[in-house]
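Each remark here refers to the structure printed beneath this line.
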Amino acid sequence: MLFVELALIRWVSANNVFVTNATNFVLLASFLGIGIGFLNARAERDYVRWTPVALLVLVGFVLAFPVVVATLNGPNPFRGRGSMNALPQPLSLTIVFVLVVGVMAGLGQAVARTFVRFQPLNAYRLDILGSIAGIVAFSVLSFLDQPPVAWGTVAGVGLVVLLLPRPRLWQLGAVAGVIALLVVESLTAGQMWSPYNKLTIQNERVGGQPAIGVRANNIPYQTAVSLEAMRTGHYIYFYPYRHVTRTSLSNVLIIGAGTGNDVAVALSEGARHIDAVEIDPLLLLRVGQAHPSHPYRSGRVSMHVGDGRAYLENTHQRYNLILFALPDSMTALAGQSALRLENYLLTEQSLAAAKSHLAPGGTFAMYNFYQPFLLDRYATTLQDVYHQTPCAELQPRYSGGRVLAVLTVHPGGPVAACTTYWHGPGLAPATDDHPFPYLQSASIPRSFLRMLAAILLGSLLLIRLGGGRFKGMRFYIDLSFMGAAFLLLETKNIVQFALLFGTTWFVNSLVFAGVLLAVYLAVETARRVRLPRPAVLYGFLIASLALAWLVPQESLLTLPVIARFFAGSALAFAPIFLANLVFAQRFSEVQNSGTAFAVNLLGAMVGGALEYLSLITGYHVLLIVIGVLYGLAFVTGLRGKSAPLPAFRSSG
């Protein structure tokens, strides 16, 4: 079940740009579907048998009606298949949401039917072991850069096993159809799948020279062009070198090296050594190797696959020139959180870290297509960090309301040979606690609010239609608060580890696995040790949250990597362990484990919606929200124990 959830989060967003922009969308649909499945653990209605058909319809719809950014200009940049217009955003998202709910409801019911045959804690223990296996399986396929057909095959085999011993021919046909569609997609010429992106590669010509166009998740992303073409039509790459001398470039750092344009220019401008950092391994190690100017074949270039912020925190090198070269992933961190891969690279603390790695007389530059408010935000941040007004060079080339600009700053004084300095309005920098540079103000965008309202209202309707009456759920309202709090706690840990160790798929997978392992250890402890009364456990839990509040996560960045890991793990996983001791103690007493677990999952869905509060408050304040939710769980749990238990039919 968890494997399919992760695969859908990754695959749907790679084919539908609307979903990419709506963070947590597939996650919320998955929680709703699984919750409905658990509410039907003992019901006669059978969602499991229709799961292959639901998956086939979902895969068919996403492939038949993709959403592509065809151009960065114009009022309607979105296209569907071929020259067709994309479906309207509300219609596209609604259909995807309902189909994901349908797929996950079937898988949820399959799990729930087995779940209720065990004692609650034994069932939860086995469920966590299976979840860890799902994380490991998906991580292995990501490491191997496997395309969707590999994910579909694992999911298809799992579905067939669920339908044994008598799968129907039409069910097998639906599974075969899913795999066949994904085979066709995976064999698309010029397409490859990295752990982050669906990369579509196309040979082009720019300025009469051969070039390589790259699209990432249906969005125009990069174009690898020859050095000659850059000299005639892509002047921005050369702007930073107007302010340095060839003799000074003994050591250059390029973060966001991508397919190699920036590296080729640095070599041509006399850089004697270059550290090229790129988070997507296929861009660096495969597409970049085919660059027309072959910059990565130079012995003066050292390639580093990883997160740019993590590289800055871990390296001891000093550089004469540091470039943030078009670092715009357009990819959200999979699973939870509104983080994009580069968000922590563009905070005030990150730019300060870059400054600390400049050699005496060194220069920093960053460039990209900026919306006007972004240009002002980054210029303000540089001014705050360097106490110098940055040089601002704008290329008269606009794209979708954005301007192509280079910001250059020198810590020792004015930038050499600069003719135009930034003079825009100041705008608050992004910070490690509020790492959302692309938000013009600390607020939840109206589009997100409308989406969340539609999801929550639609969820109530789907629960009523597919899960039965709400009456039986009221006895487990405390488990709902626990689910919401735990989802926020998990999200807080994901973003914390992204800051401490990099916003990479591998760190993300390790955190997921670490959370599940902490949950498993808590369940095993609850099974073998007599726990203190709930008030004591809640007291320890609130104390651990208070400790996490008192220790700013940025303070851990000053520690060596190993010490940072242990300190970060202690602060992150102690609340998770204690929270699951609380949950395990309560869950061991439930009379209807299917309904109880469903209510917990639906609460987690609410937690996924509450996560958007971080866009206003930052992530640190989420600890207060988590504490309040666990406080409500404690209070409602006391009331729930005095309430009469609902009647239920024994599965034995």
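The values are calculated or read from the model by the stated rules, or taken from the named source; none is laboratory data. Please read these numbers as outputs of a predicted model, since none were measured by experiment. FYI the Cβ positions are ideal-geometry reconstructions off the backbone, even for glycines, and counts take in every protein chain you see. The area values use the complete protein model at the heavy-atom level, side chains included, leaving out ligands, DNA and RNA. Shrake-Rupley method; radii C 1.70, N 1.55, O 1.52, S 1.80 Å.
Annotation: peptides 359-368, 255-264, 10-19, ranked by per-residue average of other Cβ atoms within 10 Å with the highest first, follow the order 255-264, 10-19, 359-368.
Share of carbon and sulfur in the accessible area of segment 420-483 stands at 67%, probe radius 1.4 Å. Put simply, when 510-520, 483-493, 555-565 are sorted by average Cβ atoms within 10 angstrom per residue, most first, you get 483-493, 510-520, 555-565.
For segment 244-383, which whole-number percentage of the solvent-accessible area (1.4 Å probe, protein heavy atoms only) is attributable to carbon and sulfur atoms? The value for segment 244-383 is 52 percent carbon and sulfur by accessible area.
When peptides 297-307, 272-282 are ranked by their average number of other Cβ atoms within 10 Å per residue, the highest-first order is 272-282, 297-307. In whole angstrom, how far apart do the alpha carbon centroids of segment 93-149 and segment 190-217 sit? Result: 33 Å between the Cα centres. The reciprocal of the average 1/r between distinct C-alpha atoms defines the Kirkwood hydrodynamic radius, which for segment 26-173 equals 17.3 Å. Scanning residues 5 or more positions from LEU321 or on other chains, those with amide H under 5 Å from its amide H are ASN251, LEU253, THR363, with H placed 1.01 Å from N in the peptide plane. Our note on the geometry: Cα centres of segment 612-629 and segment 295-312, 36 Å apart. Taking the longest Cα principal axis of the chain as reference, the axis of helix 477-501 is set at about 20 degrees.
Judged by the gyration tensor of its Cα atoms, with axes a ≥ b ≥ c, segment 87-157 is oblate; a/c meets the 1.5 cut and b/c is at least as large as a/b. Across 10 Å bins from 0, what is the distribution of all Cα-Cα pair distances for segment 369-464, in whole percents? Spelled out per bin, shortest first, that is 15, 34, 25, 13, 9, 4, 1. Look at where the Cα atoms of segment 352-407 and of segment 572-597 average out, and the two centres are 48 Å apart.
From helices alone, the chain scores -17000 deg cm²/dmol at 222 nm; the rule is -39500 (n - 2.57) for each run of n ≥ 4 DSSP H residues, then divide by the residue total.
Solvent-accessible area per residue in the chain equals 40 Å², computed with a 1.4 angstrom probe and all protein chains kept.
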